[in-house]
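Trainee: Following this message is one structure expressed as structure tokens.
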């Protein structure tokens with residue numbers, strides 16, 4: 001967040017800028033989904049994302065993505081930009097982009113570049129820069145010594161000479177401070193409060209941006225809980241064999257083979273349909289009827305249901321038959337038997 005002006009966030013680190021773009025995409029997508037569901041959104045604030053030195057940012061993001069970011073796939077920056085441009089204008093999410101040259105390679109093609117409604121050139125301008133900005137139209141002359149002097153051209157129209165209001169930084173900050181303060185969540189650097197878990201999962205499945213939205217990484221981090229995987233596997237498997245409720249619900253419990261050692265994300269065992277059937281421990285009718293409860297990531301890690309956490313969360317969002325659970329978000333808990341019953345019914349229907 002900006003340290004000087006309310007309502008302005010400034011990101012100078014590559015990773016922070018990537019997350020800011022992901023949050024912007026998620027915010028616009030959330031509003032689009034809300035509108036589709038008939039939820040009023042006119043009271044929500046308009047947002048503007050300014051990316052200065054876009055060439056440096058895109059190049060730096062590409063290097064960070066494959067280097068310190070340790071991401072296997074190619075950088076999604078140009079794709080996310082394209083998505084934001086396609087839907088942002090109608091959703092009051094607008095982008096202002098500063099670049100030394102509007103070349104196609106910078107945008108990954110002409111589709112994203114052509115989505116900008118207007119273009120401005122100020123200062124000195126080479127013939128190549130003029131062509132990549134406006135195309136093959138006549139270039140007028142202007143005094144480059146005057147700050148803010150240049151041209152503006154709406155998309156598809158001939159550019160005209162203009163004088164952009166030039167305001168020194170110190171005076172700009174004074175004017176910004178005269179505006180009403182932004183909401184507390186914005187100045188604190190948090191993501192938009194109208195973004196829900198369902199929106200994040202949709203953004204992740206559609207654009208791969210959900211896991212990069214600040215505050216939502218726990219949905220995709222299998223190590224987000226404080227206990228180690230091995231400890232949680234031991235605890236939950238013990239709970240399954242000692243639970244007083246499992247034997248009273250079903251004659252057998254179907255689980256996948258759980259590995260209590262090693263990192264569970266190193267294999268794809270949880271996506272396998274192969275399972276083993278084990279006899280549950282005999283019920284103790286004198287115990288509490290409520291039983292132990294577990295979170296969805298715990299159920300996936302320990303083999304209660306043979307799914308990866310992100311697959312299970314997507315099913316929770318889309319399947320009306322998914323158990324309701326108790327609590328909200330990452331703290332939502334379930335009994336093992338209700339999750340297993342749901343998965344058995346889901347498997348039977350898919351067959």
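Trainee: Evaluate the following for residue 65: is it farther than 21 Å from residue 9 by Cβ and either touching a helix residue (DSSP H, G or I) at 6+ places or on another chain (Cβ under 6 Å) or surrounded by 13 or more Cβ atoms within 10 Å (Cβ to Cβ) (or both)?
Mentor: Values: farther than 21 Å from residue 9 by Cβ: yes; either touching a helix residue (DSSP H, G or I) at 6+ places or on another chain (Cβ under 6 Å) or surrounded by 13 or more Cβ atoms within 10 Å (Cβ to Cβ) (or both): yes.
For residue 65, the condition - farther than 21 Å from residue 9 by Cβ and either touching a helix residue (DSSP H, G or I) at 6+ places or on another chain (Cβ under 6 Å) or surrounded by 13 or more Cβ atoms within 10 Å (Cβ to Cβ) (or both) - is met.
Trainee: Hey, residue 86 hits all of (1) more than 25 Å from residue 7 (Cβ to Cβ); (2) in contact with a strand residue (DSSP E or B) (Cβ under 6 Å, 6 or more places away or on another chain) but one; which does it fall short on?
Mentor: (2)
Trainee: I'm told residue 33 meets every condition in (1) in contact with a helix residue (DSSP H, G or I) (Cβ under 9 Å, 6 or more places away or on another chain); (2) surrounded by fewer than 20 Cβ atoms within 10 Å (Cβ to Cβ); (3) without any contact (Cβ under 8 Å) to a residue 60 or more places away in the chain except one. Can you identify the failing condition by its number?
Mentor: (3)
Trainee: For the condition closer than 30 Å to residue 174 by Cα and part of a strand (DSSP E or B), what is the one hit in 10, 50, 18?
Mentor: The unique qualifying residue is 50.
Trainee: Please pick out the residue among 55, 59 that is free of Cβ contacts under 8 Å to residues at least 12 places away in the same chain, farther than 24 Å from residue 160 by Cβ and more than 19 Å from the chain's Cα centre (by Cα).
Mentor: Sole residue among the options that is free of Cβ contacts under 8 Å to residues at least 12 places away in the same chain, farther than 24 Å from residue 160 by Cβ and more than 19 Å from the chain's Cα centre (by Cα): 59.
Trainee: Can you list residue pairs whose Cβ atoms sit under 6 Å apart, with the first residue in region 158-180 being outside the structural domain of residue 140 (by TED's automatic domain parsing) and farther than 30 Å from residue 139 by Cα and the second being in a loop (DSSP other than H, G, I, E, B) and modelled with pLDDT under 90? Count only pairs 6 or more apart in sequence or on different chains.
Mentor: As it stands, the answer is none, since no pair meets every condition given.
Trainee: In region 280-300, which residues are modelled with pLDDT under 75 and either farther than 14 Å from residue 340 by Cβ or buried (at least 22 other Cβ atoms within 10 Å of the Cβ) (or both)?
Mentor: 281, 282, 283, 284, 285, 286, 287, 288, 289, 290
Trainee: Quick one: residue 105 ticks every box in (1) exposed (fewer than 13 other Cβ atoms within 10 Å of the Cβ); (2) on the phi < 0 side of the Ramachandran plot; (3) part of a loop (DSSP other than H, G, I, E, B) bar one, so which box is it?
Mentor: (3)
Trainee: Of (1) touching a residue at least 12 places away in the same chain (Cβ under 8 Å); (2) more than 17 Å from residue 190 (Cβ to Cβ), residue 8 satisfies all except one. Which?
Mentor: The single condition residue 8 does not satisfy is (2).
Trainee: Could you please find all residues in region 83-94 being crowded, with 20+ Cβ neighbours inside 10 Å and more than 15 Å from the chain's Cα centre (by Cα)?
Mentor: Of everything in region 83-94, those that are crowded, with 20+ Cβ neighbours inside 10 Å and more than 15 Å from the chain's Cα centre (by Cα) turn out to be 85, 88, 91, 93.
Trainee: In this structure, is residue 60 modelled with pLDDT under 90, assigned to a helix (DSSP H, G or I) and touching a helix residue (DSSP H, G or I) at 6+ places or on another chain (Cβ under 6 Å)?
Mentor: Here the answer is no, as residue 60 does not meet what is asked.
Trainee: For residues that are touching a helix residue (DSSP H, G or I) at 6+ places or on another chain (Cβ under 6 Å) and buried (at least 16 other Cβ atoms within 10 Å of the Cβ), scanning just region 147-193, find the one that is farthest from residue 8 (Cα to Cα).
Mentor: Looking at residues that are touching a helix residue (DSSP H, G or I) at 6+ places or on another chain (Cβ under 6 Å) and buried (at least 16 other Cβ atoms within 10 Å of the Cβ), I get 159.
Trainee: It is to be established whether one or more residues within region 134-141 are under 15 Å from residue 100 (Cα atoms), assigned by TED's automatic domain parsing to the domain that holds residue 96 and in contact (Cβ under 8 Å) with a residue 12 or more places away in the chain.
Mentor: So far as region 134-141 goes, yes, one or more of its residues are under 15 Å from residue 100 (Cα atoms), assigned by TED's automatic domain parsing to the domain that holds residue 96 and in contact (Cβ under 8 Å) with a residue 12 or more places away in the chain.
The values are calculated or read from the model by the stated rules, or taken from the named source; none is laboratory data. Note that the structure is a prediction, hence the values are computed from the model and not measured. Methodologically, a virtual Cβ is constructed for each residue, glycine included, from the backbone with ideal geometry; neighbour enumeration extends over all protein chains shown.
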